[in-house]
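Below is one structure, written out as structure tokens, with a few remarks after it.
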Amino acid sequence: MTPTAHRSALRFREILTRRIERSPRAGPMVLAAVVGLGAGLAAVGFSILVELSDRFFFEILKDEWLGDLPNARLILIPAIGGLLVGPITYLLAPGARGHSIPEVMAALDSRGGRLPASDAVAKIAAATITIGSGGAVGRQGPVVFIGAAFGSLAGRVLLLNEQTMRLLAAAGAAGGVAGVFNAPIAGVFFSLEVLLRRFSTRNFSVVVLASIVATVTAIALRGDELAIPVPTHQHLTSIEEAPLYAVLGVLCGIVGVAFIRVFYWTEDGLARLTTIPGWLLPALGGALVGALALYDGSILGIREIARDEALTGEGVVGVMLALLLLKLAATSISAGSGGSGGVFFPALFIGAMTGGVFEEVAVYLLPDIVDDSGTYATVGMAAVFAAASRAPITSTLILVEMTDDFGLMVPLLISITAAPVVSQLLSRGTIYSIKAERLGVAIEEDVEPSDVMAQLRVSDAMSPMLVAFGPDATLDEIALAFEGDPDPIALVVRENGEIYGILTGADIGEALAHGEQNATAADICTTYLRTIHPDQTLLDALNLFASQDIRALPVVEPDDPWRPAGLLRRGDITRAYAEAVDRRASRARRQRLRPVRRSDNVRYLELRVSHESGLDGKELSDIDLTEDAVIVAVRHEGATLIPRGHTRLAEGDRVTIIASAEAVAEVRATFEGHS
């Protein structure tokens, strides 16, 4: 690209970015359509790659190349897949490991929607191999990650603000779900209910458009086939059957919690196998999954025969019960060992087996009320996912759209009302939120950002008035005072201390551009001012910033509205909000570690690296820390780091330490810079 073309491209990007930022409602809609198109293409393309990978591993590798070996050769297929995946997920791109949704949640909550494009590419490769070689994980998670990464990339390329970038990432995730299942409504509510966890008109409009475009794209390329074709069901034909669906919901709630616990128990157990190199764990996990599949290969990859039999009422109780347990174990091993894939399809499989077993037992005990049409197996799919994810709206809508059977709505609502309640009683977190917390993001489902803003006061965030000018200050004096300040803003104050106006670096630049070298502060400052009081909330300030398109607000006392007490910048609000959320997350982590803190001689500490400590820029290996204390985590810029000798601290980092009671004072002195 020639320099002229490069400058033209940059200019076009600046214009497009400015227009999007100036129109916060309409601007992102255009990008939402582009992101939806990309997500739809990704959903179809990824599905094709998985099918090709499955054909290679099972039809070519297993049946042709290894066809002369005994049937136990099945063990080798997932193991070989794991051997290929290990270097990707442990050496090249650790972000591609796992079941994807928690990583997207963490990016939306703590990184402003930033997802590395390199992780998305690695996710495509790792998930294609994992699922194609028989790993017992699903396609939804990777496609959600890929769609979100595409939305994030669009935001980064255009240098959009974090709020818009988060929204585009969520829109891409919705498009991924919609494209995989031909389920636009479910894609919307998955993004709002699971990822963003907040509803607003702006969020809804952008996510809806991306979801619709992704669905239309997928249908145009793949056809309008049902994701799960099911026969006509009995539905709810008698009021006597309603309590049975409530009981099924309770049972699915228990199974969903069992899925969560086995899943993370397996992940933790495999992580403790330190004698095995990490990159070999997926191969070990693959061999274990292959061994389980010797009983029934239906638990592998994209095989759906057993699930479809349960949905038609043709399943056998003993076989379905065995497959439930095998799939639960196989999925936990595939994901926990470092494979890449989602948990949605496995949850559907487990739910179908749960509902199928329940239906066969109900038919035996109550033949006059229940028949073996497969209705309970279908409802069980959604109920188990609702229990594992606590996303009842998504669970209901996605199953109805996937099956195109709206007659299921009533029994679905009965079971899906019960399942998440049971899950909440028995499990602190969900299949997604537990992993997100392990990534350093405390997911608080019931807290909106506006709640935090409404609790913080302007006095909590405002900056002292370090620089102020008189009306007669010259341009040279102002420029000299602003030198080195990346965001120069100052008040112009009369001799009696009253506010005259506000002055920014842009004002100086404009004066110099017009050749006004002899101008004074009074000539170039803005005299139309909006002010705010110290006891007003940051939510009030945020609304003023949004409605007035200003960069700073003078803070004045209510009884003296012309005398400045400080200055509130946009960045001050962001900083105060981030610190408040960080404090809340710290309280949540302390709550979870309370058993440690109650120990007779062990104390849990979370200390902030202060300027006075002298630790800013130091590596952990260089810190003289007592032997009676251990650093267990470092929280840096919203991410939680596993501490290593080369981990470098920075001012403001929060360091988690477990120490003996006798060492607490010494540890505090080290990190807080006092004796």
Exercise. Which residue, chosen from Ala650, Asn496, Ala291, occupies the Cα position most advanced towards the positive end of the dipole of the chain, where the dipole is computed from +1 (Lys, Arg) and -1 (Asp, Glu) charges on Cβ about the Cα centre?
Worked result: Ala291
For this session: Please work out how much length the chain gains when fully extended from Ile302 to Leu365, using 0.36 nm per residue of separation minus the C-alpha to C-alpha distance, in nm with one decimal.
Result: 19.3 nm
Exercise. Does a label point 7 Å from the Cα of Asp224, set along Cα-to-beta-carbon, have any residues of region 373-401 with amide nitrogen under 18 Å, and which are they?
Worked result: 400-401
For this session: Give me Ser433, Ser133, Ser205 ranked fewest to most by other Cβ atoms within 10 Å of their Cβ, as a rough exposure proxy.
Result: Ser205, Ser433, Ser133
Exercise. What 222 nm value per residue comes from the helices of the chain, counting each DSSP H run with n ≥ 4 as -39,500 (n - 2.57) and dividing by all residues, nearest 500 deg cm²/dmol?
Worked result: -18000 deg cm²/dmol
Seminar exercise, completed: Quick calc: nm separation of the 7 Å Cα→Cβ label points for Ile239 and Asp476 -> 9.3 nm
Exercise. In percent, how large is the relative contact order of the chain, given Cα pairs closer than 8 Å and 6 or more residues apart?
Worked result: 12 percent
Problem set entry | Separation of the Asp523 and Arg272 label points, Cα + 7 Å toward Cβ, nm | 7.6 nm
For this session: Arrange the following residues from fewest to most other Cβ atoms within 10 Å of their Cβ: Met381, Met29, Met165, Met353.
Result: Met29, Met165, Met353, Met381
Seminar exercise, completed: Applied in sequence order to region 640-647, the curve 6.51 cos²θ - 1.76 cosθ + 1.60 (Karplus, θ = phi - 60°) yields integer Hz couplings, x standing for Gly and Pro, of 9, 9, 6, x, 9, x, 8, 5
Exercise. FRET efficiency for Glu495 and Thr574, Cβ-Cβ distance as r, R0 = 51 Å, nearest 0.05?
Worked result: 0.90
For this session: Inverting the mean 1/r over all pairs of different Cα atoms, compute the Kirkwood radius of the chain and quote it in Å.
Result: 27.8 Å
Seminar exercise, completed: In degrees rounded to 10, the 0-90 angle between helix 375-389 Cα long axis and the longest Cα principal axis of the chain is 30 degrees
Problem set entry | Unit charges on C-beta of K, R, D, E only; dipole of region 239-438, Debye | 1200 debye
Exercise. What number, in percent, do you get for the relative contact order of region 74-223 if the mean sequence gap of Cα pairs under 8 Å and at least 6 apart is divided by its residue count?
Worked result: 20 percent
Problem set entry | Tilt relative to the chain, helix 317-336 - C-alpha long axis, 0 to 90 degrees, to 10 | 30 degrees
For this session: Calculate the tail of P(r) for region 239-438: the fraction of all Cα-Cα distances greater than 24 Å, expressed in %.
Result: 38 percent
Seminar exercise, completed: Per-residue Cβ contact counts at 10 Å, fewest first, order Leu425, Leu273, Leu326 as Leu425, Leu273, Leu326
For this session: Step through the residues of region 405-411 one at a time and calculate ³J(HN,Hα) from phi using the Karplus curve (6.51 cos²θ - 1.76 cosθ + 1.60, θ = phi - 60°), rounding each to whole Hz and writing x for Gly and Pro.
Result: 10, 6, x, 7, 4, 5, x
For this session: Pairs of Cα atoms under 8 Å, at least six residues apart: use those to get the relative contact order of region 593-672, whole percent.
Result: 43 percent
Problem set entry | Size descriptor, Kirkwood hydrodynamic radius, that averages inverse alpha-carbon separations across region 10-222, Å | 17.6 Å
Exercise. Computed FRET efficiency, Cβ-Cβ of Ala246 and Ile48, R0 45 Å: what is it to the nearest 0.05?
Worked result: 0.65
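Throughout, read-outs are computed from the coordinates displayed, never taken from laboratory work. Owing to the predicted nature of the structure, the values given are computational and were not obtained by experimental measurement. Every residue, glycine as well, gets a Cβ built from its backbone with ideal geometry; the counts of neighbours run over all protein chains shown.
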